[in-house]
Amino acid sequence: MRFARERAEIERFARALEPSPVRRDDEFADELALVGALRDLGAAGAPDLETRQRIRAEIAGRLETAAATTPRRRWRPRTADLVAAALFLFLVLSGLTLVLSRSALPGDPLYGVKRAGESTALGLTFGEQEKAHKHLEFATNRITELGELAAEGGSEADYRTAYDDFAADLQAGVAQLSAVATSDGGGTQALSDLRLWARNQAARLTAQPLPADAAPVFGDVRDLLGKVQERTTGLVARMNCYQITTGASDELGPLPATGACTQRPAPAAGGQPTTAPVSPSSAEGTSPTATGTQLPPSDAAATPGIPAPTGGVTPPPVYGGPATSSRPPSPTTTTSQPPLISVPPLLPGLPPIVIG
């Protein structure tokens, strides 16, 4: 009940605050007077229209001044980002250029890029023999390019460019490979392979079409390949000699010696002493003939050629009686002479040092 009564009073007070054309009683006269005074006080403290316009203009002016004086932040790329982007672009363009230059021929704009890529590949190759093989690989590419130029009708200058590059790679490869093969006297197979390679390249060149402009260049290539075959043949013939080269070199590498060939001694087999065979004794119970290499008893029975011990028992000797058997002669051993010691030559072209 109390709650309902308070709620009814609140509703009557709210209705009293609302404007009404009908005069009301003075039930809430004091409260209404207080509310009216508060409303007048609030209206008296509010700025007038002129003041509000002045405040608005001042705030707008300050905002414009702050916007004009504050610098705008612009995105500026860092130096590291620029360097990384430039490096990535350079690598992409370089890789694309190298791919496109694989089929370039002398006279094409990308032929220089192709040769630069080959030089880079050669610089990343380690070892004299490996570098020699790289040079020969590039020389093979030059012969292929000569055939393509002949098929497409290249100019004389293009043929000459291909020949110059071919000669440079061929001479470098042959010189390095010959020096490695003759340094220790064990490069016979490498020189034989080089001679076969030169013969095959000459056959490839012969099978290519021969335009009139390319005839001199093709002739120079065949002459150079013939010199390589002649050089390798001379070196192979001297590989078993003390003196393989003369010590001098030309554009194709070391020159083979021309003097008398003193054959190197063949390496002797084994230095273990061997025993001469001894005829077996007629008496029973004698030991088998000794050999140069003695095996343990457990291995001797299982090894072919070694007689197994007999099962008979030898009677004890009778002291004081006449000797019934003669003592077998001791085996005579012969020792083979030690082999000659051959030291490889210290410099290419010099004979080795033989001790013994």
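The values are calculated or read from the model by the stated rules, or taken from the named source; none is laboratory data. None of these values were measured; they are calculated from a predicted model. We place every Cβ from the backbone using ideal geometry, glycine too, and count neighbours over all the protein chains shown.
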_Near pairs, Cβ below 6 angstrom, 6+ apart or cross-chain, from segment 217-237 (closer than 26 Å to THR161 by Cα) to any residue that is assigned to a helix (DSSP H, G or I) and of a type in the set (A, V, I, L, M, F, W, C)_ = VAL221/LEU205; ARG222/ALA202; LEU225/ALA198; LEU225/ALA202; VAL228/VAL174; VAL228/ALA198; GLN229/ALA198
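Within segment 68-75, is even one residue farther than 30 Å from GLU148 by Cβ and at pLDDT 75 or above?
Taking segment 68-75 first, the residues farther than 30 Å from GLU148 by Cβ are 68-75.
Within this subset, residues satisfying the condition of being at pLDDT 75 or above are 68-69.
Yes: one or more hits.
Does segment 137-151 contain any residue that is exposed (fewer than 12 other Cβ atoms within 10 Å of the Cβ) and either in the same structural domain as ALA207 (by TED's automatic domain parsing) or part of a loop (DSSP other than H, G, I, E, B) (or both)? Steps first, answer last, please.
As a first pass, look at segment 137-151 and keep what is exposed (fewer than 12 other Cβ atoms within 10 Å of the Cβ): 151.
From what's left, either in the same structural domain as ALA207 (by TED's automatic domain parsing) or part of a loop (DSSP other than H, G, I, E, B) (or both): 151.
Checking segment 137-151: at least one residue is exposed (fewer than 12 other Cβ atoms within 10 Å of the Cβ) and either in the same structural domain as ALA207 (by TED's automatic domain parsing) or part of a loop (DSSP other than H, G, I, E, B) (or both).
For segment 41-56, name all the residues that are among the aliphatic types (A, V, I, L, M), at pLDDT 75 or above and exposed (fewer than 10 other Cβ atoms within 10 Å of the Cβ).
To start, the set of residues in segment 41-56 that are among the aliphatic types (A, V, I, L, M) comprises 41, 43-44, 46, 49, 55.
Of the ones still in play, those that are also at pLDDT 75 or above are 49, 55.
Listed by number, the list holds a single entry, LEU49.
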